[in-house]
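Report on the structure given below.
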Amino acid sequence: MEFVNPEGLRLDGRRATEMRQFRAEIGVVSRADGSAVFEMGNTKVIAAVYGPREVQNKSQQINDKAVVRCEYSMANFSTGDRMRKPKGDRRSTEISLVIRQTMEACILTNLMPRSQIDIFVQVLQADGGTRSACINAATLALADAGIPMRDLVTSCSAGYLNSTALLDLNYVEDSAGGPDVTVGFLPKLDKVTLLQMDAKLPQDTFKNVMELAIEGCKAVANYIRDILMENTKRLECRRGV
Amino acid sequence: MAVTGGSDLSSEMEVDAFRRLFPLRFHERHLLESIRPDGRSLGKARDTTIALGAVTSANGSALTKIGCTTMLAAVKLEVMTPTQESPDEGCIAVDFHMPPICSPAVRPGRPSEVAPVVAKQLSDVILSSGMINLKDLSLVSGKAAWMAYLDIYCLDADGSLFDAALLSAVAAFSHLQIPVVSLSDEGRIVLVPEGNGGGKFEKEPVNKEKRKLKLCTLPFSLTCALHKNYILADPTSEEESIMETQLTVVLDSSGLLVSLNKPGGSVFAHTSVIQDCVALARQRLKEVKLILNEAISDMDVD
């Protein structure tokens with residue numbers, strides 16, 4: 001199948017290094033401490049953060065830092081065919097773990113000993129890159145909750161099809177069987193915290209694809225920062241400072 | 001919002017602190033003045049909005065907000081073989097989910113008690129109100145019929161969950177677009193690709209005319225919290241947790257009573273109280289019908 005036509009356009013009309021359109025909104029769940037919706041093209045996820053609050057299961061309490069928990073779930077109508085997978089299948093357990101560890105890397109857990117932070121992400125529409133969208137939504141929700149963080153983790157995926165490196169794969173490109181590199185990146189520290197790849201890829205091309213994904217992460221980081229600045233300005237305005 | 005007078009602590013304490021420490025006294029103080037903490041009068045419901053077509057991957061969908069309570073409902077259609085007892089009827093499966101994002105009270109792993117209760121009430125009301133004639137979901141008698149999966153996700157739980165869920169379900173069904181299908185040579189149902197509307201069909205479609213589901217009557221509901229002599233329409237979750245008991249009234253679009261539900265609690269629902277609740281529900285029915293019709297006509301214009 002041809003994923004990039006001779007003019008260099010992809011199936012959805014994007015160029016190889018073009019991302020889908022983002023849209024983010026903060027404070028969408030009234031009773032959560034922090035929440036956000038993040039959209040990348042047709043992929044749409046909602047994240048809510050509760051905490052830091054008392055540890056629910058005392059045996060899990062850690063005396064010198066906070067416990068971070070994460071749960072990922074997909075709406076039954078989010079994909080093309082209606083899913084009938086039970087909650088807690090392998091894929092969502094894996095993604096929950098990935099998101100938790102990624103977010104843990106940037107939260108200053110040592111500042112909140114003996115407490116718990118819950119991150120819940122719900123996929124409303126899936127069109128490839130749900131993992132990245134979830135991490136971006138979780139970052140925004142954590143920032144909205146005012147939880148101290150080292151940096152804003154952002155995530156983006158990139159792939160390699162028809163011997164072209166492609167940024168931000170959609171569902172059709174993702175399921176084509178080519179490599180899919182998902183990167184979680186701390187833009188200020190310039191460090192990679194999450195790196196996942198399936199399928200084979202020569203080493204030098206891998207380098208290019210990963211660099212492309214990192215560029216994507218930086219673009220997301222800029223957008224997220226703008227959204228947060230705008231939100232802060234609005235709050236400032238409301239308080240009349 | 002200064003609380004004045006009274007020999008209690010209310011005059012000496014900050015309002016927020018008083019609200020947290022003595023929620024019951026805080027609310028009763030408001031009720032005395034016939035007003036609620038969010039500025040509503042007792043019989044008034046919160047602002048309601050409906051947006052149709054919020055989920056592109058579903059056949060019909062709606063996002064409904066009543067105050068902060070947010071529901072996302074989507075209907076997906078699948079072809080199934082009807083049962084032998086009712087060969088020319090389709091089927092509707094209703095599911096209500098409360099993912100942990102919606103409220104601090106829902107804990108992951110432990111299924112919440114409310115979600116299955118609301119799901120049961122919803123499917124009872126949708127099936128018993130006669131909103132959808134199951135025969136309309138039939139494609140080929142005895143061979144194929146539509147199975148409609150209705151999934152409702154609560155994105156923000158702030159009281160009156162059933163009202164919001166039912167409204168979103170009704171809205172999602174009114175937005176439902178039935179895909180065109182045809183019968184293949186092997187006797188299987190296949191989708192006719194879109195954009196083939198005016199042109200020739202390879203196979204004659206089975207359901208060319210039935211693109212919209214005919215909704216005979218629409219059920220609408222109003223939950224009232226009852227407390228002493230007061231009736232509070234459309235309570236928030238804070239009010240629900242404090243007030244003594246609740247009563248849910250479901251009316252259909254012509255104002256007939258479809259269902260009443262008072263889930264136990266203290267016994268003081270006299271007939272007059274029930275009549276008052278029904279009267280409030282009638283009023284609310286008019287408001288909601290207007291909002292839904294507006295949402296549908298907005299959709300048709302687009």
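The values are calculated or read from the model by the stated rules, or taken from the named source; none is laboratory data. These numbers come from a predicted model, not from an experiment. Here the Cβ is made from the backbone with ideal geometry for all residues, glycine too, and neighbour counts use every protein chain on show. Side chains included, ligands, DNA and RNA excluded: accessible areas come from the protein's heavy atoms. Shrake-Rupley method; radii C 1.70, N 1.55, O 1.52, S 1.80 Å.
What residues from segment B:32-67 fall in the zone where the backbone N is under 17 Å from a label point 7 Å along the Cα-to-C-beta line of B:Ala279?
Only B:41-45 fall inside the zone, counting backbone N under 17 Å.
Please compare each pair in A:Lys44/A:Lys191; B:Lys135/B:Lys286; B:Lys143/B:Lys262; B:Lys143/B:Lys214; A:Lys65/A:Lys188; A:Lys233/B:Lys286 to a cut-off of 32 Å on the Cα-Cα distance and tell me which ones are over it.
B:Lys143/B:Lys262; A:Lys233/B:Lys286
In Å, what is the Rg of the alpha-carbon atoms in segment B:15-90, and how long is Dmax?
22.0, 64
Summing +1 for each Lys or Arg and -1 for each Asp or Glu, what net charge is found among the other residues whose Cβ lies under 14 Å from the Cβ of A:Ala36?
Values: positive: A:Arg23, A:Lys44, A:Arg225; negative: A:Glu25, A:Asp33, A:Glu39, A:Asp144, A:Asp226, A:Glu230, B:Asp156.
So the surrounding residues net to -4.
In square nanometres, what is one fourth of the surface area of the convex hull spanned by the alpha carbons of segment A:22-239? Kindly include the intermediate steps, with their values, before the conclusion.
Values: hull surface 51.9 nm².
Mean shadow area of the hull around the Cα atoms is 13.0 nm².
Name the residue, out of B:Gly67, B:Gly187, B:Gly142, whose mean-square fluctuation peaks in a Gaussian network model built on chain B with Cα pairs under 10 Å.
B:Gly187
In deg cm²/dmol and to the nearest 500, what is the mean residue ellipticity at 222 nm of the protein assembly as shown if only DSSP H runs of at least 4 residues count, each as -39500 (n - 2.57), divided by the residue total? Provide the component values of the computation, followed by the final result.
Working: 10 runs with 157 residues, N = 543.
Result for the protein assembly as shown: -9500 deg cm²/dmol, rounded to the nearest 500.
If ligands, DNA and RNA are left out, what is the accessible area of A:Tyr223 with a 1.4 Å probe, given in Å² to the nearest 10?
Looks like 60 Å² after rounding.
Shape of chain B from its Cα gyration tensor (a ≥ b ≥ c, root eigenvalues): rounded if a/c is under 1.5, otherwise prolate when a/b > b/c, or oblate?
Numbers: a/c = 2.52, a/b = 2.37, b/c = 1.06.
It comes out prolate by the Cα gyration axes.
I'd like the antiparallel share, as a percent to the nearest 5, of DSSP beta bridges with both residues in segment A:22-239. Mind showing how you got there, number by number?
Working: 39 of 47 bridges.
Bridges in segment A:22-239 are about 85 percent antiparallel.
On a 1.4 Å probe surface of the protein chains, which of B:Met243, A:Met210 comes out largest in accessible area, and what is the full order?
Result of the area sort, largest leading: A:Met210, B:Met243.
State the antiparallel share, in %, of DSSP beta bridges confined to the protein assembly as shown, rounding to the nearest 5.
The answer is about 85 percent antiparallel.
In what order, largest first, do B:Cys216, B:Cys277, A:Cys237, B:Cys68 sit by accessible area if the probe radius is 1.4 Å?
Working: B:Cys216 75, B:Cys277 0, A:Cys237 105, B:Cys68 55 Å².
Order by accessible area, largest first: A:Cys237, B:Cys216, B:Cys68, B:Cys277.
Counting only C-alpha contacts under 8 Å and six or more residues apart, can you give the relative contact order of chain A as a whole percent?
Numbers: 510 pairs, mean separation 49.3, N = 241.
Value for chain A: 20 percent.
Keeping all protein chains in the complex and leaving out DNA, RNA and ligands, what accessible area do you get for B:Asp151 with a 1.4 Å probe, in Å² to the nearest 10?
0 Å²
With every protein chain left in place and a probe of 1.4 Å, what is the accessible surface of B:Thr69, to the nearest 10 Å²?
Probe radius 1.4 Å; accessible area of B:Thr69 about 0 Å².
Which of A:Lys207, A:Lys191, A:Lys58 moves most in a GNM of chain A, Cα contacts under 10 Å?
A:Lys58
As a test of reading the structure, rank A:Cys70, B:Cys91 by solvent-accessible area (1.4 Å probe, protein chains only), most first.
Ranking A:Cys70, B:Cys91 by accessible area, largest first, yields B:Cys91, A:Cys70.
Within chain B, what is the longest stretch that has no trypsin sites (Lys or Arg not before Pro) placed in a DSSP loop and near at most 15 other beta-carbon atoms within 10 Å?
B:1-187
Looking at the calculated P(r) for the protein assembly as shown, what percent of the C-alpha pair distances fall above 37 Å? Show your work: numbers first, answer last.
Working: 59010 of 147153 pairs.
Roughly 40 percent, rounded to a whole number.
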